[in-house]
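Reviewing the structure listed below.
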Amino acid sequence: MNILITGAMGFCGRGLYKILSQENTYNLFISDIQEYTADNYICSNLADLASVSKLLKKTKPDKIFHFAGSFSNQYSKDYSVNVLATKNLLDAVKTLNINCRLLLVGSAAEYGDVNEADNPVQESYPLNPISSYGLTKVFQTYLMKYYVNNFSMDIVMARPFNIYGKNISEKLFVGKVYQQIKLLKENKIKKIILGNLESERDYIALEDTLNHYIRIMKYGDSGQIYNVGNGFPIKTKVVLDQILKEENIDNRFIESSVSEHNKQTEVNIIYADITKLKGLNL
């Protein structure tokens, strides 16, 4: 079986490769836009349809974990990676008539402004993104529905909540904390500056997240979306305290403030209904 991981140099891509490479039953291929030297690595620009087609002809995948993504919150960049690149991948699979299963990765940001009483959030909850990143992930969701309904393609979607792990992107809360701790230890900053610590999110460890992706790929129904989380909320401050304890940093170095913009655009509490996820392979 040939397995292709796009966005393989990213946080989740590297983690999944580590898990799958422990088994010798797969031919693993990894791809990203940057240059890298490895026998099974193929540099590919997914925003270019010809490049995507070349990638698929080389790898002939039976399964594709599509991890290439952008969460810059700059619309043009996120649209290019999350929407255009995904469409190119789906078009290339269809045009080349490749019989494979694809996993797309959405985001809890698609739900956007959730009423507190509507938690835990089900996959059927109306999508109401409040960020350009969330909007592009909604577009990706509808791409899946379109290609499944019109071309009978075999696609499943994971919709993760907040992934927890070291070396995650510095654009996310956990990554930002680790980055500033590093700078603090190097005496490059005097304080760790953070935003709202009272919001509540559904945090899930990277390894657990990736194992759920594998389960969804194996047992999920085509065209279906599966929330990926722990199913309960944790205050951001609690997560911060865990990291500080792990890194042996006193909380006197923490300074938090909430801007008026964040007050207007930040959801106070959101966590996942994982009933569908728990029902896989029962």
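Details
- Dipole of segment 179-278 computed with +1 at Lys/Arg Cβ and -1 at Asp/Glu Cβ about the Cα centre; of Gly223, Pro233, Leu197, farthest Cα towards the positive end is Leu197.
- Count Lys and Arg as plus one, Asp and Glu as minus one, and take only other residues whose Cβ is under 13 Å from that of Ile3; the net charge is then +2.
- From phi via Karplus (6.51, -1.76, 1.60), per-residue ³J(HN,Hα) for segment 176-192 in Hz, x at Gly/Pro: 5, 5, 4, 4, 6, 4, 4, 5, 5, 5, 8, 6, 8, 9, 9, 9, 9
- Net charge dipole, segment 146-202: roughly 500 debye, given to the nearest 20, about the Cα centre with Cβ charges of +1 for Lys and Arg and -1 for Asp and Glu.
- Segment 148-235 - Debye-derived log10 I(q)/I(0), Cα point model, q = 0.13 Å⁻¹: -0.58
- Based on C-alpha pairs under 8 angstrom that are at least 6 apart in sequence, segment 162-282 has a relative contact order of 34 percent.
- Choice from Asn119, Asn97, Asn88 with maximal GNM fluctuation in the chain (Cα, 10 Å cutoff): Asn97
- Largest GNM mean-square fluctuation across Gln224, Gln122, Gln242, computed for the chain with C-alpha springs under 10 Å, falls on Gln242.
- Helix-only CD estimate at 222 nm, as mean residue ellipticity for the chain, using -39500 (n - 2.57) per DSSP H run (n ≥ 4): -11000 deg cm²/dmol
- Accessible-area rank, largest first, for His212, His66: His212, His66, with all protein chains present and a 1.4 angstrom probe.
- Where segment 69-185 is the region considered: accessible area per residue in Å², 1.4 Å probe: 45
- Calculated Cα Rg over 2.2 N^0.38 Å (choose from (i) 0.90; (ii) 1.02; (iii) 1.14), label: (ii)
- Of all accessible heavy-atom area on segment 103-186, the percent that carbon and sulfur account for (1.4 Å): 49
- Residue among Arg159, Arg252, Arg14 with the largest mean-square fluctuation in a Gaussian network model of the chain, springs linking Cα atoms under 10 Å: Arg252
- Protein accessible area in segment 49-99, 1.4 Å probe - carbon and sulfur %: 50
- Distance between segment 33-61 and segment 177-201 - C-alpha centres, whole angstrom: 37
The values are calculated or read from the model by the stated rules, or taken from the named source; none is laboratory data. Nothing here was measured: the structure is a model prediction, and the numbers come from that model. A quick note on method: Cβ atoms are made from the backbone with ideal geometry, for glycine too, and the neighbour counts reach across all protein chains shown. Accessible surface is based on the protein model in full, side chains and every heavy atom, while ligands, DNA and RNA are left aside. Shrake-Rupley method; radii C 1.70, N 1.55, O 1.52, S 1.80 Å.
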